[in-house]
Amino acid sequence: MLLRHAPMPRVIVDTERLRGQVAAIDGADCACPLSISPRHRSDHAAPLKFDQLLHQTPATQWRGPADYTVFASTHADAGIALLNAAALNLWQRFEVPRSPNAALHQLGIETKALHYYHEALVDLCWSGFLRDAPNTPIPLAREDTLIAWLHTTNACNLRCNYCYLAKTNEMMDEQIGRQSIDAIFRSAFMNDFQKVKIKYAGGEATLNFGLVTKLHDYARQLADEQNISLSGVVLSNGVRLTPEMIKSMLARQLRLMISLDGLGVQHDAQRHFANGRGSFDMVTCNIEMAKDQGLVPDICITVSGRSAAGLPDLIGWILDRDLPFSLNFYRENELSASFADLQLDEERIINGMLAAFKVIEANLPRRSLLASLVDRANLSAPHSRPCAAGHNYLVIDHFGRVAKCQMEMNKPITNIAVRDPLAVIRSDQIGVQNYTVEEKEGCRDCEWKYWCTGGCPQATFRATGRYDIQSPNCRIYKTLYPEVVRLEALRLLKSS
Ligand code: SF4
Ligand code: SF4
């Protein structure tokens, strides 16, 4: 973090993110890793051209903590910054385009303080809140990873109320699995992807864990041969994990994502066995076991009308263990529609989320939560689509059929035998249509659009019959986003 002594100007930003030390930003269960380009910052003011005109980047401003002003803008590379009064005063000099020399002259800065003002100017330029040209393009994150969801089994040992999957005992076999990996790497090669990410899913992927490891070894071999960067994650309900599985994941650098929706009965109310017995004790025991062995699981939380009230307790439990987590909103489907209490009742969700944010505020983690606090939104980098569906995402089922989204697995578009499954997915006009946020009615003029991107297209279509319109959860989002920015500002201040 950047910090100067008062009353000198101070500009605080997330320097790790700006320097690109947070390589890919991937907040949730759906497919959405974003890559950001690092921004170089020279450690002295030399590169600043003192006679060149600088322009303000439009930013929303709030009164922040400890006399700081919080700046938020999807047009600035840093996204969020805190400026103390002196830095704000400096920034305000550029209300009309002005050179640094002219601004410093106007402020009448003494020679001994000039160094601090030079540094603040460098920081304002580095973070993108001052620019050397008006109307520079938005620094959109790159969607440069081909993501594949591999449905390793259609079986599951739980019967969660919100699950969209009509479960059977069918498993993916090794031949289909290897052909699926071949198809993924064919599409990666033919569409110039340098990165592949495989999500080993189901059903419950640990029920076919032997296949998961074989397929990841095979994917590693192809990735090395083709000089492609590979990452993988096992999505699990956490019930059947064993120390051997954890060891095996660690050896392969596989990440682990475990679903946990509440503490005790709050979790069991929506994630239970077929006989109604809850899974909480087993899941939390296995989370601890994985963590003790050195594999820190990502916790995937599904927020529903039923679980929202229990969020504060759950978040407290997660923060006590310093686990990464993401909050994802329940998405209604054919199989879950009869559970009316799962629906996203606005007041209940907002109240539960705000109460959870209070817990976070009291126990701010070191890591940024911008990508993981509000459903599909990712406030850590501007982007134009909520997920990769239809663009850089292959969902491959246990028969080798390929769909656009895991919630549309029953509507495959193509299969792994075709030369380039991704090309077929990209040209499809029938399944889920994943428009950019600029194409969505109601979103075009929204100040949050490049962080929100309009929500899950599946959920919007189910609620409205349209893909080109704002999310039905828009009011929830707009209520929560300022709070997320506030939390990030507090975190930056604390870390600085
Ligand atoms: S869904 Fe709402 S908050 Fe999100 S971009 Fe659209 S208008 Fe803005
Ligand atoms: S369409 Fe919705 S459910 Fe499907 S991948 Fe995108 S965000 Fe996830």
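The values are calculated or read from the model by the stated rules, or taken from the named source; none is laboratory data. Remember, it's a predicted structure, so these values are computed and weren't measured experimentally. Positions of Cβ are backbone-derived with ideal geometry, glycine not excepted, and every protein chain shown enters the neighbour counts.
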Among the residues of the range 220-234, write down those that are more than 24 Å from the chain's Cα centre (by Cα) and of a type outside the set (D, E, K, R).
-> Q221, L222, A223, Q226, N227
Subset of the range 248-301 [aliphatic (A, V, I, L, M) and assigned to a loop (DSSP other than H, G, I, E, B)] = L254, L260, L263, A269, A274, L295, V296
Do we have L241 as over 18 Å from T153 (Cβ atoms) and either out of contact with any His (no Cβ under 7 Å at 6 or more places or on another chain) or surrounded by 23 or more Cβ atoms within 10 Å (Cβ to Cβ) (or both) here?
-> no
Take the residues in the range 436-463 that are within 11 Å of ligand 2 (Cβ to nearest atom) and hydroxyl-bearing (S, T, Y), then tell me which one is nearest to G400 (Cα to Cα).
-> T460
Would you confirm whether any residue within the range 271-281 is touching a strand residue (DSSP E or B) at 6+ places or on another chain (Cβ under 6 Å), of a type outside the set (S, T, Y) and over 19 Å from N157 (Cβ atoms)?
-> no
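Suppose we keep only residues that are more than 9 Å from ligand 1 (Cβ to nearest atom) and in contact with an Asp or Glu (Cβ under 8 Å, 6 or more places away or on another chain) within the range 442-462. Which one would you say is farthest from D77 (Cα to Cα)? Please lay out each step first, then the result.
Pass one, the range 442-462, residues more than 9 Å from ligand 1 (Cβ to nearest atom): 456-459, 461-462.
Narrowing the set further to residues that are in contact with an Asp or Glu (Cβ under 8 Å, 6 or more places away or on another chain) leaves 456, 458-459, 462.
Working: C456: 25, Q458: 30, A459: 30, R462: 34 Å.
Going through the qualifying residues, I end up with R462.
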Is it fair to say V374 is buried (at least 22 other Cβ atoms within 10 Å of the Cβ) and part of a strand (DSSP E or B)?
-> no
For the range 464-473, what are the residues that are in a loop (DSSP other than H, G, I, E, B) and more than 10 Å from ligand 2 (Cβ to nearest atom)?
-> G465, R466, D468, Q470, S471, P472, N473
Which pairs have Cβ atoms under 7 Å, sit 6 or more apart or on different chains, and link a residue in the range 430-447 that is not assigned by TED's automatic domain parsing to the domain that holds P386 to one that is of a type in the set (V, I, T) and within 14 Å of ligand 2 (Cβ to nearest atom)?
-> G431/I413; V437/T453; C443/V437
Within the set of pairs 6+ apart or on separate chains, which have a first residue in the range 370-387 that is outside the structural domain of D298 (by TED's automatic domain parsing) and over 17 Å from C474 (Cβ atoms), a second that is of a type outside the set (S, T, N, Q) and within 11 Å of ligand 2 (Cβ to nearest atom), and C-beta atoms under 6 Å apart?
-> none
Hits in the range 423-461 - residues which are in contact with a Cys (Cβ under 9 Å, 6 or more places away or on another chain) and in a helix (DSSP H, G or I) | V437, K449, C452, P457, Q458
Return the only residue of N84, N135, N157 being out of contact with any Pro (no Cβ under 8 Å at 6 or more places or on another chain), touching a residue at least 60 places away in the same chain (Cβ under 8 Å) and polar (S, T, N, Q).
-> N157
Per the list (1) surrounded by fewer than 17 Cβ atoms within 10 Å (Cβ to Cβ); (2) closer than 28 Å to N275 by Cα; (3) modelled with pLDDT under 95, residue check on D144 breaks on (2)
In this structure, is A113 part of a helix (DSSP H, G or I) and either modelled with pLDDT under 95 or within 26 Å of the chain's Cα centre (by Cα) (or both)?
-> yes
Looking at the range 350-370, is at least one residue under 30 Å from R426 (Cβ atoms) and within 16 Å of ligand 1 (Cβ to nearest atom)?
-> yes
Selection over the range 325-367 where residues are in contact (Cβ under 8 Å) with a residue 60 or more places away in the chain, out of contact with any Leu (no Cβ under 9 Å at 6 or more places or on another chain) and more than 24 Å from Q458 (Cα to Cα) yields a count of 1
Is there a residue in the range 420-432 that is modelled with pLDDT under 95 and within 13 Å of ligand 1 (Cβ to nearest atom)?
-> no
